[in-house]
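Below: the structure, in structure tokens.
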Amino acid sequence: GNSVTQMEGPVTLSEEAFLTINCTYTATGYPSLFWYVQYPGEGLQLLLKATKADDKGSNKGFEATYRKETTSFHLEKGSVQVSDSAVYFCALSDLSQGGKLIFGQGTELSVKP
Amino acid sequence: NAGVTQTPKFQVLKTGQSMTLQCAQDMNHEYMSWYRQDPGMGLRLIHYSVGAGITDQGEVPNGYNVSRSTTEDFPLRLLSAAPSQTSVYFCASRGAGTGGEEQYFGPGTRLTVT
């Protein structure tokens, strides 16, 4: 079945450091890929997405490229801020499975000043 | 436009009690779903609905019932609460499409079963 694997956290960085959170997936069809972010005490909100191979999603300085050959969708940001501290979830949606979202386990990011 | 709303925000139940978690959306979305969030396990799909009158099971449906009588509402019922159902529950909705659409999440209900 479809699945998503993320690097384990927590990840602790200093402000202005480079961020990478790894995400790989297994899917039988041609999924859309997403990164959702959850700030403390809140629900999830979409950070960025890509719907086909080689697409790059970007938002708020974050980027991720849909790599079909390596089945990956790694999240990157060149210079993190304290306000980026949150839990980040990689997810896929496969229409052959009814368009359900399948989530990775989440990666907690803590950015120190 | 309130988006996705959930009530209550917090709930404590005793083992064996039943309750309904409410979820409503005002975006005329056809697709609605319920997830539970447990530490280290991400979000797991409980039940989902692709339109009024149509529901289906997700990954972890045991102990939960749903119904969808209107487009707006998608309540989740716990039939006989167990400590294993202690979790944070999120409702989400999205428009119909090819699966690449954003899902909108409610603020969550934190449930404790003692």
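Quick notes on this structure:
- Residues of type aspartates and glutamates that A:Lys49 reaches as a straight line, Cα spacing below 17 Å, ignoring anything fewer than 8 places off in the same chain: A:Glu63, A:Glu76, A:Asp94, B:Glu101, B:Glu102
- Exposure proxy ranking, count of Cβ atoms within 10 Å, fewest first, for A:Ser32, A:Ser3: A:Ser3, A:Ser32
- Projecting label points 7 angstrom from Cα along Cα→Cβ for A:Tyr39 and A:Glu69 puts them 3.9 nm apart.
- Rounded to the nearest 0.05, the FRET efficiency derived from the C-beta distance between B:Met19 and A:Tyr30 at R0 = 30 Å is 0.15.
- Gain in span if fully extended, B:Ala96 to B:Thr5, counting 0.36 nm per residue against the direct Cα distance: 30.8 nm
- With neighbours defined as other Cβ atoms within 10 Å of a residue's Cβ, the residues A:Ile21, B:Ile54 order from fewest to most as B:Ile54, A:Ile21.
- For chain B, size of Cβ-based charge dipole, Lys and Arg +1, Asp and Glu -1, in debye: 480
- Proximal lysines relative to A:Lys112, as straight alpha-carbon distance under 20 Å, when same-chain residues fewer than 8 apart are discounted: A:Lys60, A:Lys77
- For B:Cys91, A:Cys23, order by how many other beta-carbon atoms lie within 10 Å, fewest first: A:Cys23, B:Cys91
A short reminder: the numbers here are calculations on the coordinates, not readings from a lab. None of the values given here were measured: they were computed from a predicted structure. Counting neighbours? That spans all protein chains shown, and the Cβs are built from the backbone with ideal geometry, glycine included.
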